[in-house]
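The values are calculated or read from the model by the stated rules, or taken from the named source; none is laboratory data. A quick note: this is a predicted structure, and the numbers were derived from the prediction, not measured. Methodologically, a virtual Cβ is constructed for each residue, glycine included, from the backbone with ideal geometry; neighbour enumeration extends over all protein chains shown.
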């Protein structure tokens, strides 16, 4: 039997205590950023939950990949073979161009670009929180992921690593309101900053003078400034340029090239020199390659 | 908390947490009901001696970690919403299920607005009406969750 007049702490006291705790947490997490390491551990702690929550979707994709006709498989295979031939030819060209570029760079006595290590990752979950654009991927410190690592899909830049857990980590997308990335216009090398807008299909470029030569349809690529993202990867395409003389700067919007709303497989880049894979086939989990 | 099959409560809360992070298509995702809030409100009405504000705060904190928001945002919003239920549980118990659903809707709206205000205070997000879409699904979901959890409580004799 429960007592009618229960003693102990009253709800108001509990609420005050809890709200003070929250205020302290918000202050230390947001203003001081003193939970960076703790967040890593917390991420590790909750990753089983994330893996479990992802199980139904995983099952669906498994089923849809298994229930497929022979004819479909054959046509897909044919498609891939054609593409492989095509890419192979391009790669041959690329190696010649790279050699030439390295030779020219050494003639100019500018540093030769180092190789980039790549790692393959799959998306684990997407945040349902509408205020932040983040996704969780299935790689963590065990695989050598570090904070600030650039992430891209097959079309272009997706974002960078925000928090790292042991076996999963969190990616902040370029469309997040707190994210910005240095870019340049591919056509003429003009430098801009692409800030996230909180909307999945829009990046905003602030403080661009009216005289700047930016046109609708221009491709923006990473400029490599700031040292976070390597140079030359596509980021977004300009969709709107409005030069209203009554305003101080022109309004420029662009749309990310990467398909941020339907991500599945992603590549993590790391800047350090690629190491030779010790055993080529036993370490299938981490696909490495030299660019 | 774990006496008299209290573990089942924890299990339902875990399921609610998982339901709130399962991947969904973008169009359905905007309507995702507040699973954790609904389950917490039910247990607060049924067993206020077991589930209190501290439990709600801890659940909100886990939600913060899972969603990657600033720690403490969802925790405080959850605690404030559950506080209202805790203070008025004897009144709310006597309402019919549909009246309760409306109250849960108001709680859910309050929860979303508190989260929005805190986020607005921390970073400059702008308000979009679709941040309140989950309120509709939460109202529709309440009677079903209520009936299901009452069955669970009676079957396992959770006291």
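Figures for the structure shown
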read-out: Members of the stretch A:118-144 that are in a strand (DSSP E or B), at pLDDT 85 or above and within 23 Å of residue A:29 (Cβ to Cβ); value: A:134, A:135, A:136, A:137
read-out: Any hit, the stretch B:50-60, residues being over 26 Å from residue B:6 (Cα atoms) and at pLDDT below 90; value: no
read-out: Test: residue in the stretch B:64-78 that is within 23 Å of residue B:155 (Cα to Cα), outside any helix (DSSP H, G or I) and touching a residue at least 40 places away in the same chain (Cβ under 8 Å); value: no
read-out: In the stretch A:183-206, the residues that are more than 14 Å from chain B (Cβ to nearest Cβ) and within 30 Å of residue B:130 (Cα to Cα); value: A:193, A:194, A:203, A:205
read-out: The stretch A:220-236 - residue that is surrounded by fewer than 17 Cβ atoms within 10 Å (Cβ to Cβ) and on the phi < 0 side of the Ramachandran plot and, of those, nearest to the other protein chains (Cβ to nearest Cβ); value: A:228
read-out: Selection within the stretch B:21-31 - surrounded by fewer than 18 Cβ atoms within 10 Å (Cβ to Cβ) and in contact (Cβ under 8 Å) with a residue 40 or more places away in the chain; value: B:30, B:31
read-out: Filtered residue count, the stretch B:113-123, keeping only those that are free of Cβ contacts under 8 Å to residues at least 40 places away in the same chain and more than 7 Å from chain A (Cβ to nearest Cβ); value: 6
read-out: Residue match in the stretch A:111-120 (condition: within 30 Å of residue A:195 (Cα to Cα), without any contact (Cβ under 8 Å) to a residue 12 or more places away in the chain and surrounded by 10 or more Cβ atoms within 10 Å (Cβ to Cβ)); value: yes
read-out: Enumerated helices (runs of 4 or more DSSP H) restricted to the stretch B:1-61, each holding at least 3 residues that are away from every other protein chain (no Cβ under 12 Å) and under 23 Å from residue B:97 (Cβ atoms); value: B:6-19, B:35-46
